[in-house]
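The values are calculated or read from the model by the stated rules, or taken from the named source; none is laboratory data. Since the structure is predicted, the reported quantities are computational estimates derived from the model, not experimental observations. Counting neighbours? That spans all protein chains shown, and the Cβs are built from the backbone with ideal geometry, glycine included. Surface accessibility is based on the protein's heavy atoms, side chains included, excluding ligands, DNA and RNA. Shrake-Rupley method; radii C 1.70, N 1.55, O 1.52, S 1.80 Å.
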Amino acid sequence: MMKIVVLDGYTLNPGDLDWEPLARFGELAVYDRTRPEEVYDRIAKAQVVFTNKVILDKTMIDRLDQIKFIGVLATGYNVVDLSAAKARGIMVSNIPAYGTDSVAQWTFAHLLNLASRIAESSGAVRAGQWTTSPDFSFWRGPLIELTGKTFGLVGFGAIGRRVATIAAAFGMRVVGYSRHLQPGQVIHGVSSVDLDTLLKTSDVVSLHCPLNENSRGMINAAALAKMKPGAFLINTGRGPLIDEQAVADALESGQLGGFGADVLSTEPPLADNPLLSAKNCYLTPHNAWATREARQRLLNTASQNLESFISGSPRNIVNGLN
């Protein structure tokens with residue numbers, strides 16, 4: 001019987017989903033978390049391994065004799081050395097596009113919080129400030145109506161396009177920047193512009209591009225200085241897309257009106273991360289992907305990837321072996 005191991009299953013399934021979609025293919029062992037020193041012993045005799053964030057590097061892959069298939073329980077697959085896996089004939093799959101709607105929804109949860117000061121107002125009410133207010137209504141900073149504002153998308157993949165649709169529904173003008181688009185193009189109602197134009201004209205800048213050497217640290221001090229004073233920045237993409245100290249400084253100076261993010265450069269964050277104490281900064285712990293619906297799609301797709309591999313028609317393979 002085929003042995004299947006899930007190395008870090010807790011974030012995908014903390015207990016509200018059923019592992020049956022994977023269990024039906026063989027003997028399934030699910031570990032909530034796996035420390036680096038535990039990896040080899042847990043997968044040495046397995047034919048299939050699933051990982052989310054546990055690293056399978058060349059040193060580890062070269063030690064494995066029985067593994068035939070590695071499934072990454074995420075869209076990004078940088079945790080696996082693809083070249084080493086390919087050299088050993090091990091197929092590696094990922095899970096594309098499972099969280100498009102959830103991440104788009106989260107993007108607007110952050111934007112609406114910034115524009116309407118939801119968290120700040122709720123905190124004030126719970127602290128008794130409404131009870132003791134001399135007026136029926138109060139606010140501690142500007143409340144922003146989104147209609148008529150310019151929403152700037154950096155990246156125009158599936159999530160970016162979904163976000164564009166929602167922004168348009170709020171009556172916003174949507175512009176987008178992508179290395180794959182020419183300025184002046186209009187696609188799905190989004191006007192393509194160069195990055196400088198997007199930064200200078202947008203009231204909201206939202207990051208949805210992949211992390212690579214071209215995009216790492218793209219929102220730095222120079223980029224922030226080009227933005228409209230008081231504009232909002234949203235990051236539900238990847239933490240290292242921004243220079244965190246530069247963003248914290250821009251928040252403190254008021255150049256940036258607010259920052260909402262679901263991702264940081266190191267997760268969990270280090271205690272000295274400057275964004276943890278920056279003003280007008282709202283952080284969520286990388287859970288835009290984690291709605292129950294999105295996690296169920298992820299698990300179902302992982303099962304379909306494995307079934308396709310077993311049947312000889314592999315899908316979502318990312319290391320060129322299909």
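Listed values, structure above:
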{"read-out": "Scan of the range 214-242 for residues that are in a loop (DSSP other than H, G, I, E, B) and aliphatic (A, V, I, L, M), ordered by number", "value": "MET218, MET227"}
{"read-out": "Near pairs, Cβ below 7 angstrom, 6+ apart or cross-chain, from the range 93-120 (of a type in the set (Asp, Glu) and surrounded by 23 or more Cβ atoms within 10 Å (Cβ to Cβ)) to any residue that is at pLDDT 95 or above and assigned to a helix (DSSP H, G or I)", "value": "none"}
{"read-out": "Check on ARG140, modelled with pLDDT under 95, open to solvent by 50 Å² or more (accessible area, probe 1.4 Å), farther than 30 Å from PHE50 by Cα and of a type in the set (Lys, Arg)", "value": "yes"}
{"read-out": "The range 153-170: number of residues that are open to solvent by 50 Å² or more (accessible area, probe 1.4 Å) and not β-branched (Val, Ile, Thr)", "value": "5"}
{"read-out": "Qualifying positions in the range 71-119 - among the basic types (Lys, Arg) and not in a helix (DSSP H, G or I)", "value": "ARG88, ARG117"}
{"read-out": "Condition check for ALA124: among the aliphatic types (A, V, I, L, M) and open to solvent by less than 40 Å² (accessible area, probe 1.4 Å)", "value": "yes"}
{"read-out": "Residue identified as in a loop (DSSP other than H, G, I, E, B) and among the small types (Gly, Ala, Ser) among GLY176, GLY141, GLY160, GLY152", "value": "GLY141"}
{"read-out": "Verdict on LEU22 being part of a strand (DSSP E or B) and out of contact with any Gly (no Cβ under 8 Å at 6 or more places or on another chain)", "value": "no"}
{"read-out": "Search result, residues across the range 175-207 that are closer than 16 Å to LEU241 by Cβ and without any contact (Cβ under 8 Å) to a residue 60 or more places away in the chain", "value": "GLY176, TYR177, SER178, ARG179, LEU195, LEU198, LEU199, SER202, VAL205, LEU207"}
{"read-out": "Residue satisfying all of: in the range 250-270; closer than 17 Å to PRO229 by Cβ and in contact with a helix residue (DSSP H, G or I) (Cβ under 7 Å, 6 or more places away or on another chain); surrounded by the most Cβ atoms within 10 Å (Cβ to Cβ) among these", "value": "LEU256"}
{"read-out": "Subset of the range 35-57 (residues that are open to solvent by 20 Å² or more (accessible area, probe 1.4 Å) and either among the hydrophobic types (A, V, I, L, M, F, W, C) or part of a loop (DSSP other than H, G, I, E, B) (or both))", "value": "ARG35, ALA44, LYS45, GLN47, LYS53, ILE55, ASP57"}
{"read-out": "Sole exception among (1) closer than 23 Å to ASP262 by Cα; (2) modelled with pLDDT under 95; (3) of a type outside the set (Lys, Arg) for HIS110, by number", "value": "(2)"}
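Rundown of residues vs (1) open to solvent by 10 Å² or more (accessible area, probe 1.4 Å); (2) under 23 Å from THR147 (Cα atoms), yes/no style:
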position	(1), (2)
GLY189	yes, yes
ASP203	yes, yes
SER206	no, yes
GLY217	yes, no
MET227	no, yes
ASN235	no, yes
LEU241	no, no
ASP272	yes, no
